[in-house]
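Okay, so here's the structure we're looking at.
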Amino acid sequence: MTDTGAALLAHLNKGSTIGVGFLGVIASSIVYGVTCMQTFQYYRSPRAKTDNRPLFYMVLVLWILDSLQSSFSIYACYFYVIDNYANPSGLLINIWSIPAVILTNACISFLVKTFFTFRVWRLSGSVYATGTCVIFNLARLATNIYYPARTFSFASLLVAEVELEVCHDFSNPI
């Protein structure tokens, strides 16, 4: 481990980092349970039988993506809390499931916002309002894919933080 990594780990407050992450996984698991119940109730309702097929299948795709996101979050928490218990240097390892959670969330967000954009079109009929929604939705998807995809190339979370932080420092352009 580098001196920077050792210094960081010496000052690391596990309650406000790993502990908060663990609580986040618990909270998201509760919300995932609510999502499962809503999906189950939707497919049992008469409404599901009358909805158009794209909407019918979009609910299924969103449930599958939400299941993947929950699984990736639980794996990341398991890796840091259980597999690397009493191994502070393990907290610096960048695992694949962290950017995978963000990418999955980007796909979920894109699909939901696409549905809302379609509703804007149907309710308003405005090309300008719909076009604006489409442009912002695509821009958000692009940024939500770009940054997590870059983190796959970093072996250490320290290196990823330093490299990606430079991109956000607008006062010091590269």
Review point. Any residue in the range 136-143 that is modelled with pLDDT of 90 or more, touching a Leu at 6+ places or on another chain (Cβ under 7 Å) and not aromatic (Phe, Trp, Tyr)?
Key: no
Revision key, fill the gap. The number of residues in the range 101-140 that are basic (Lys, Arg) and in contact with a Lys or Arg (Cβ under 8 Å, 6 or more places away or on another chain) is 2
Check your understanding: Restricting to helices (runs of 4 or more DSSP H) lying wholly in the range 55-174: which have 3 or more residues that are of a type in the set (Val, Ile, Thr) and loosely packed, with under 13 Cβ neighbours inside 10 Å?
Key -> 127-151
Review point. Using beta carbons and a limit of 6 Å, which pairs, at least six apart or on different chains, have the first residue in the range 89-103 and closer than 16 Å to Tyr147 by Cβ and the second one β-branched (Val, Ile, Thr) and in a helix (DSSP H, G or I)?
Key: Pro99/Thr151
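The values are calculated or read from the model by the stated rules, or taken from the named source; none is laboratory data. The structure displayed is predicted, hence computed values, not measured ones. Positions of Cβ are generated from backbone atoms using ideal geometry, with glycine treated the same way; all protein chains shown enter the neighbour counts.
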